Structure formats: structure tokens, C-alpha cells
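Visitor: Structure below; questions to follow.
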Amino acid sequence: MKGPEASEYRIARLRDRLADEEISELGVRIDMRGGYVHLWGTVSTAACRTEILRIAETELGGLPMRADLTVACATAPERPEELE
């Protein structure tokens, strides 16, 4: 299998791995855009982002890839919110 069919198969396999691996990441969107694979969304930690990129490189090796993964900041506020 070559061409677009192979790319779509590899993207589907990447989606499955991201859902099934230890990270269980379902918030990452993966699309084929203009000849490259685009990963985008928000992840919980920098370590999670690194792991997603590692898995993507394994599954998509050889395909051009762009990753726009944002790490969510989930720290507690420094002071209480003041309501007026």
C-alpha cells in the first residue's frame, strides 16, 4: 500500500496508539494537511508532549510532520480570587 492510503493507515494507527498507550491521550487531533501530518491540541504535561512526539516519530517516520501541541498550565492560583 502506497500513497494517501498508506498515510491514512499510519495516522489511524497513531491515533490508536495514543489512545491505548500509557498516556491515554485523546485530546490530540491528527490531520493530513498539504502533504504533511499535523498534530495539534492541548496536553497535560511537557513529558506527555515528549512521549506523543516520540510515538508519532515511530509511527510516521518518513512523513513530514508538524506538531502544535500546547502544554496546559494546571497550577493553583497564587492568591484567592476577589469578587466585587
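Values in this text are rule-based calculations from the coordinates and carry no lab data. Predicted model only: the values in this text are computed from it and were never measured. Cβ placement follows ideal geometry from the backbone for every residue including glycine, while neighbour counts extend to all protein chains displayed.
Visitor: List pairs: first in the stretch 58-84 and over 22 Å from residue 42 (Cβ atoms), second surrounded by 10 or more Cβ atoms within 10 Å (Cβ to Cβ), Cβ under 6 Å, 6+ apart or cross-chain?
Guide: These pairs meet every condition: 63/37; 64/36.
Visitor: Ok, one more. Can you say whether residue 29 is touching a strand residue (DSSP E or B) at 6+ places or on another chain (Cβ under 6 Å) and within 18 Å of residue 73 (Cα to Cα), as far as the supplied structure shows? Full working, then the answer.
Guide: Working: touching a strand residue (DSSP E or B) at 6+ places or on another chain (Cβ under 6 Å): yes; within 18 Å of residue 73 (Cα to Cα): no.
Spelling it out, it is not the case that residue 29 is touching a strand residue (DSSP E or B) at 6+ places or on another chain (Cβ under 6 Å) and within 18 Å of residue 73 (Cα to Cα).
Visitor: Still on this structure, please answer the following. Being hydroxyl-bearing (Ser, Thr, Tyr) and farther than 21 Å from residue 6 by Cβ is the filter here; which residues of the stretch 18-42 pass it? Explain how you work it out, then say what you get.
Guide: Initially, the stretch 18-42 is screened for residues hydroxyl-bearing (Ser, Thr, Tyr), giving 24, 36, 42.
Residues satisfying the conditions are 24, 42.
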